[in-house]
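See below for the structure under consideration.
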Amino acid sequence: MEIEQLEKVASQVRRDIVRMVHGCQSGHPGGSLGCADLLVALYFKQMKLKEEDGKPVFDMDGKNEDMFFLSNGHISPVWYSVLARKGYFPVPEMATFRKLNTRLQGHPTTHEHLEGIRIASGSLGQGMSVALGAAKAKKLNNDPSTVYVLMGDGEQQEGQVWEAAMFAPHHKVDNLIAFIDLNGQQIDGPTVEVMNNLDLVKKYEAFGWEVLTIEEGNDMAALLKGLYEAKSRLGHGRPIMVMVHTGMGFGVDFMMGTHKWHGTAPNDDQLAAALGQLEETMGDY
Amino acid sequence: MKKYTFTEKKDTRSGFGAGMHELGKSNPNVVALCADLVGSLKLDPFIKENPDRFIQCGISEANMIGVSAGLTIGGKIPFATTFANFATGRVYDQIRQSVAYSGKNVKICASHAGLTLGEDGATHQILEDIGMMKMLPGMTVINPCDYNQTKAATIAIADYEGPVYLRFGRPVIPVFTDADQKFEIGKAWMVNEGTDVTIIATGHMVWEAIQAGETLAAEGINAEIINIHTIKPLDDEAILKSIAKTRCVVTAEEHNRIGGLGDSVAQLIVKHDLVPQEYIAVDDSFGESGTPAQLMEKYGLSAVNIVEAAKKVMSRK
């Protein structure tokens, strides 16, 4: 898929995000909007996924296909939209987000057997450990495919992240690409004020990781270039960390650059204003 | 009273190590993980023969649980091992979200459970682990009673699909169950049939219950002794059948009286067939340093305590 088409998918994903969150008047639009381009780039370009007749086929073990884990599970709207738009489950199911007796739980879960999800996440700090286990399983199975995992920058405050950060280089997990969404915001305010992560690049380098940075994490061309570069470094004995600078709320002007839209739903007027800024490219659900 | 004899004493953790050794040969999907306690968990024979299927996690239990959950994605059967304290309370949320709620086929194998860890003291003597683990939906909780049963349980859980908490310990105790036993998850073992009182015991307390049964028999009291090695799912049928006959029950466990086997039995009988019950368990306290024997005596977990409880519960009929 070409850059222009990927951008069109990302625009639709952004519409889906704000509509989902508006539909149930809860959920996390800010981080979801910020990561829309990254997830679209991964699912529609970068990852090698099992498909039949142009449709993705999901099984839990995911042998010989790339895998994605979302550790910061609260940005479920972006993942649900990308999975639905890719064809993992019906697009209209997005209307059930966060509602009773549905598969699109507030945070992602395997419990309701939603295609595309391999682990529950939401309680932060656990996803990278799981991704490392999945990457080790691939090595044990002589499976050459790649495991991807996304974490938040606020999430770096969890201790388990650093247990995993120590584990990965020690065990030479070089079939894994991890991302940190550097949007600089968390629920209580800017990350530098709540609990300063200081220099995450130096920290991961000191832990033994290969660290890359994508400065323009909401620019599709920059993302594809960075992802291509990350992929080229696989298989050299070191885990790969990509710092992705994104804008929280990117794509909706009044949601951008503030923690206030971390976990707040738009009202009817705000929804209309947001949708006015996002082109409908694949048809709303 | 059926006679139980033994020719040797062994620790249940060595039964686990022996089970792992056998699984290393028989099941290529079994992977062992440990958080810097390989010697304590008796994993050396497994590691020696299967170095590629052992993952040393260092002193990072939370990460070990997550890595284990990830290994199941791809068909591996991870056995995550450490002391019971660090395998449960320290990583409760990791087990809850990444293992239990996610429905992952992880075997959490925990040594040094209970008071009988001994001299290390209360920081390491967890008495709440059964309660924590049995509260997790979908979690199977197993506490075998001797070396042979622990070995059999270890092998059996590899063939069972779903999360399991396997609890065992450090002290050497009599080996009195069959070496070639078949371990059935969720199936109670009738140690001795009796008519006057039901004694339900798990883990190290089963041998104490047998000794108590002999003392009671000498006094003309015919105790029915049941080994509940699987605390969840509980063998409701075996317990209800027994109390229908004896009309009273003593439960015995090396665990806090709150939230353990005793409470599982109480919940069952309150709902189906109310009979008097006495608990042999630690009375809502932490442990302390001491030899295992001293601690079992001080905290009321010896055969003599079971004898007293049996007489008391019979008087309440």
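Values quoted throughout were computed directly from the atomic coordinates according to the rules given, and no laboratory measurement underlies them. Because the structure is predicted, anything quoted here is derived from the model rather than measured. Here the Cβ is made from the backbone with ideal geometry for all residues, glycine too, and neighbour counts use every protein chain on show.
With a sphere of radius 10 Å drawn around the Cβ of A:LEU104, what net charge do the other residues whose Cβ falls strictly inside it have (Lys, Arg +1; Asp, Glu -1)?
On the way: positive: A:ARG98, A:LYS99, A:ARG103; negative: A:GLU93, A:GLU112.
Taking every other residue near A:LEU104 into account, the sum is +1.
First check a/c for the stretch B:189-315, with a ≥ b ≥ c the square roots of the eigenvalues of its C-alpha gyration tensor; if it is under 1.5, answer rounded, and if not, answer prolate when a/b is larger than b/c or oblate otherwise.
Working: a/c = 1.76, a/b = 1.24, b/c = 1.42.
Oblate shape, in that a/c is at least 1.5 and b/c is the bigger or equal ratio.
Tell me the net charge near A:ARG233. Cut-off is 9 Å between Cβ atoms, A:ARG233 excluded, with +1 for each Lys or Arg and -1 for each Asp or Glu.
Values: positive: A:LYS231, A:ARG238; negative: A:ASP174, A:GLU210, A:GLU229.
Neighbourhood net charge equals -1.
Relative to the longest principal axis of the C-alpha atoms of chain B, give the angle of the C-alpha long axis of helix B:303-315, reported between 0 and 90° and rounded to the nearest 10°.
50 degrees
Which of the aspartates and glutamates could a cross-linker bridge to B:LYS104, judged by Cα under 19 Å and excluding same-chain residues fewer than eight apart?
Result set, ordered by chain and number: A:ASP59, A:ASP61, A:GLU112, A:GLU115, B:GLU61, B:ASP93, B:ASP159, B:GLU161.
Can you tell me which of B:65-75, A:70-80 comes out highest on packing, and rank the rest after it, using the mean Cβ neighbours within 10 Å?
Values: B:65-75: 29.5, A:70-80: 26.9.
Ranked by mean Cβ neighbours within 10 Å, highest first: B:65-75, A:70-80.
Identify which of B:THR215, B:THR82, B:THR198 has the largest mean-square fluctuation in a Gaussian network model of chain B, with springs joining Cα atoms closer than 10 Å.
Of the options given, B:THR215 has the highest mean-square fluctuation.
Could you give the angle, 0 to 90 degrees to the nearest 10, between helix B:205-218's Cα long axis and the longest principal axis of the Cα atoms of chain B?
Its long axis makes an angle of about 20 degrees.
Could you pull out every residue, at least 5 positions away or on a different chain, whose amide H is within less than 5 Å of the one on B:HIS255? Hs are placed 1.01 Å off N in the peptide plane, and Pro or chain starts have none.
Long-range HN contacts for B:HIS255: B:VAL282.
Just list whichever of B:LYS3/B:LYS107; A:LYS99/B:LYS107; A:LYS63/B:LYS134; A:LYS231/B:LYS25; B:LYS107/B:LYS241; B:LYS241/B:LYS311 have alpha carbons separated by over 27 Å in the model shown. Intermediate results must be reported in sequence, preceding the final value.
Working: B:LYS3/B:LYS107 34 Å; A:LYS99/B:LYS107 33 Å; A:LYS63/B:LYS134 32 Å; A:LYS231/B:LYS25 37 Å; B:LYS107/B:LYS241 31 Å; B:LYS241/B:LYS311 21 Å.
Pairs exceeding 27 Å: B:LYS3/B:LYS107; A:LYS99/B:LYS107; A:LYS63/B:LYS134; A:LYS231/B:LYS25; B:LYS107/B:LYS241.
When DSSP assigns beta bridges and you keep just the ones with both residues in chain B, what percent turn out antiparallel, to the nearest 5? Don't skip to the end; give the middle numbers.
Details: 8 of 42 bridges.
Just about 20 percent of them are antiparallel.
Let me check against my output: what whole-number percent is the relative contact order of chain B, with C-alpha pairs under 8 Å and at least 6 apart?
Numbers: 749 pairs, mean separation 59.8, N = 317.
Computed over chain B, the figure is 19 percent.
Given the rule -39500 (n - 2.57) for each run of at least 4 DSSP H residues, summed and divided by the residues of the protein assembly as shown, what is its mean residue ellipticity at 222 nm, to the nearest 500 deg cm²/dmol? Numbers along the way, then the final one.
Details: 21 runs with 216 residues, N = 602.
Value at 222 nm, helices only, nearest 500: -10500 deg cm²/dmol.
Per residue of A:166-172, count partner chain C-beta atoms within 10 Å of its C-beta, then hand back the mean as an integer. Before the final figure, lay out each step's value.
Working: counts 4, 9, 2, 0, 3, 4, 0.
For peptide A:166-172, the averaged partner shielding equals 3.
Roughly speaking, what is the centre-to-centre gap between the stretch B:23-55 and the stretch B:117-179 when only Cα atoms are used, to the nearest Å?
Cα centroid of the stretch B:23-55 versus Cα centroid of the stretch B:117-179: 18 Å apart.
Counting DSSP beta bridges in the stretch A:3-275, what percent are antiparallel, to the nearest 5?
The answer is about 15 percent antiparallel.
Going by amide H atoms built from the backbone, whose H comes under 5 Å of the H on A:THR264, apart from near neighbours?
A:GLY30
What does the average come to when, for each residue of peptide A:119-127, you count the partner chain Cβ atoms lying within 10 Å of its Cβ?
Numbers: counts 12, 10, 3, 2, 6, 2, 5, 11, 4.
Whole-number average of other-chain Cβ neighbours for A:119-127 is 6.
What list of ³J(HN,Hα) couplings, whole Hz, do you get for the stretch B:81-87 from phi and the Karplus terms 6.51, -1.76, 1.60, once you set θ to phi - 60° and write x for glycine and proline?
Result, ordered by residue: 10, 5, 5, 4, 4, 7, 8 Hz.
In nanometres, what is the gap between the two model label sites at B:SER285 and A:ASP284, each 7 Å from Cα along Cα-to-Cβ?
6.7 nm
Rounded if a/c is under 1.5, else prolate if a/b beats b/c, else oblate: with a ≥ b ≥ c from the C-alpha gyration tensor eigenvalues square-rooted, which is the stretch A:3-275? Numbers along the way, then the final one.
Details: a/c = 1.58, a/b = 1.21, b/c = 1.30.
Since a/c reaches 1.5 but b/c is at least a/b, the shape of the stretch A:3-275 is classed as oblate.
Based on alpha-carbon centroids, what's the gap between the stretch B:180-235 and the stretch B:77-91 in Å, whole number please?
27 Å
In degrees, nearest 10, range 0 to 90: what is the angle between the Cα axis of helix B:147-158 and the longest Cα principal axis of chain B?
So the helix axis and the longest Cα principal axis differ by about 50 degrees.
Determine the shape class of the protein assembly as shown: with a ≥ b ≥ c the square roots of the Cα gyration tensor eigenvalues, call it rounded for a/c under 1.5, and otherwise prolate if a/b is greater than b/c, oblate otherwise. Intermediate results must be reported in sequence, preceding the final value.
Numbers: a/c = 2.55, a/b = 2.06, b/c = 1.24.
Prolate, because a/c is 1.5 or more and a/b exceeds b/c.
Relative contact order (percent) for chain A, with alpha-carbon contacts under 8 angstrom and 6 or more residues of separation?
Numbers: 585 pairs, mean separation 75.2, N = 285.
Dividing the mean separation by the residue count of chain A yields 26 percent.
For B:ILE199, what residues show an amide H to amide H distance below 5 Å, using hydrogens built from the backbone and excluding near sequence neighbours?
Those qualifying (amide H under 5 Å, at least 5 residues apart or on another chain) are B:GLU224, B:ILE225, B:ILE226, B:VAL250.
What does the net charge come to around A:ASP143 if you take all other residues with beta carbon closer than 15 Å to its beta carbon, with K and R at +1 and D and E at -1? Display every interim value, and only then the final one.
On the way: positive: A:LYS48, A:LYS50, A:LYS63, A:ARG118, A:LYS136, A:LYS138, A:LYS139, B:LYS76; negative: A:ASP59, A:ASP61, A:GLU65, A:ASP66, A:ASP174, B:ASP52.
Result for the local shell: +2.
Compute a Gaussian network model of chain B, connecting alpha carbons closer than 10 Å, and tell me which residue from B:VAL270, B:VAL106, B:VAL172 fluctuates the most.
B:VAL270
GNM on chain A, C-alpha springs below 10 Å: top fluctuator among A:GLU210, A:GLU229, A:GLU155?
A:GLU229
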